[in-house]
Amino acid sequence: MRKRLLLIGISAMSICLLAGCGIFKKEEQRAPVMTREEALKEETKKTETEVEINEAAEEDTQPPSSQTSDVTDFFNLEGASDYQKYMQIFYKECEELFKNDNGTKQSDIESDTLQWVNASYAILTEWNGDNRKLVGGRERNAENAVFMRVQLLEGWNIYDRVSAQETIFRLEQGGHRKQFKELAEGLGEEILNLSEEEFTDLLYDEGLEYEAVTKLVMAQRVYQKYGDKGLLAWDYCRVNQLYGWGYVAGYFSLEETMEGSLAASKVLQESFSSWDDMAYNYLYGLYYWRGEDPEYQYTESYKRTKIYENMKKLDSSPYALDFNMELERNWQAPLPSDISTTIS
């Protein structure tokens, strides 16, 4: 009886939040409920047949700084579709824009502060096979601008400068940590402070599906490890990522990217004590967002965690920098009137 009363804390608000994340499917699409034992067997099966883990970070190498996307070959295909033709126009527009891109280059303001910012989203940069020493992971040129605009559109629904600014603002003002806070409040402290085993069994006893259970268990882990801090690094590391990607895409100048990233990075320094403290909060955000247990090797969460752990061991590790170093501005701070001069 006590457990059933506790479960009332999983309120309608909590269920709605999970549904908004795609955890609960429409009734006609819902798969049969898996027991805990069945879920573990399924995970074991997937682990045995998993593809090789991305080991790129184990080697002390970097992609060449001249890295570009493969869009040139893409455009030269015969019998191009309307989409490909549109992309070709997009490329020509970016090429024309970058002919007049005489703004500040990374080499003009190279510093430990800049590399600290890059390190804040190096896990994703390495996951994507990009260059963790470059702002946004790629050189800023027409081909990479097209590539990055596609990534921003498909992954973030960012299609111009304004939508990039709006997305960054939402991350700064709440992001996933706001959603997580509402979920935690809906569950309640008494439930979230149960042991993980008791909490998991309770959820399965109520007939929740494996994916929903995993999502809630990851939420419990975040709560027990980080408390009110929630998913702050998950949101703010992605702020820096979006500024970097926006720079490569031509939506922001380098000064604007660094100014926004400097502010976000200072929030990260004030909130965490070390690279490990920050990086694992970011990774816990990934676990929560994907609804994955990082213990299972077939998951992206496991693979990205391994990337971080491998990068720490490198002689040229981005985390060799002092996490608590003083972050300094060595670029001219952009003025509001400069916004209209940015390539967009």
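Considering the stretch 116-148 alone, what residues qualify as being of a type in the set (Phe, Trp, Tyr), farther than 21 Å from Glu255 by Cα and under 16 Å from the mean Cα position of the chain (by Cα)?
Trp127
Could you go through the stretch 225-237 and let me know if any residue there is open to solvent by 10 Å² or more (accessible area, probe 1.4 Å) and farther than 16 Å from Lys178 by Cβ.
Looking through the stretch 225-237, at least one residue is open to solvent by 10 Å² or more (accessible area, probe 1.4 Å) and farther than 16 Å from Lys178 by Cβ.
Considering each residue of the stretch 125-157, count those that are open to solvent by 40 Å² or more (accessible area, probe 1.4 Å), in contact (Cβ under 8 Å) with a residue 60 or more places away in the chain and part of a helix (DSSP H, G or I), and give that number.
Adding up the residues that qualify gives 4.
Please verify whether the stretch 176-184 includes one or more residues that are polar (S, T, N, Q) and within 23 Å of Tyr236 (Cβ to Cβ).
Yes, because at least one residue in the stretch 176-184 is polar (S, T, N, Q) and within 23 Å of Tyr236 (Cβ to Cβ).
I need a count of the residues in the stretch 186-242 that are small (Gly, Ala, Ser) and within 30 Å of Lys133 (Cβ to Cβ).
1
Residue check, Leu232 against (1) touching a residue at least 12 places away in the same chain (Cβ under 8 Å); (2) over 18 Å from the mean Cα position of the chain (by Cα); (3) under 30 Å from Ser195 (Cβ atoms), all met but one. Which one?
Against the list (1) touching a residue at least 12 places away in the same chain (Cβ under 8 Å); (2) over 18 Å from the mean Cα position of the chain (by Cα); (3) under 30 Å from Ser195 (Cβ atoms), Leu232 comes up short only on (2).
Restricting to the stretch 95-123, what's the tally of residues that are in contact with a helix residue (DSSP H, G or I) (Cβ under 6 Å, 6 or more places away or on another chain) and not hydroxyl-bearing (Ser, Thr, Tyr)?
Residues in the stretch 95-123 being in contact with a helix residue (DSSP H, G or I) (Cβ under 6 Å, 6 or more places away or on another chain) and not hydroxyl-bearing (Ser, Thr, Tyr): 7 in total.
The values are calculated or read from the model by the stated rules, or taken from the named source; none is laboratory data. All of these numbers come straight from a predicted model, not from anything done at the bench. Glycine also receives a Cβ, built like all others from the backbone with ideal geometry; neighbour counts cover every protein chain displayed. Surface areas here come from the heavy atoms of the whole protein model, side chains and all, with no ligands, DNA or RNA. Shrake-Rupley method; radii C 1.70, N 1.55, O 1.52, S 1.80 Å.
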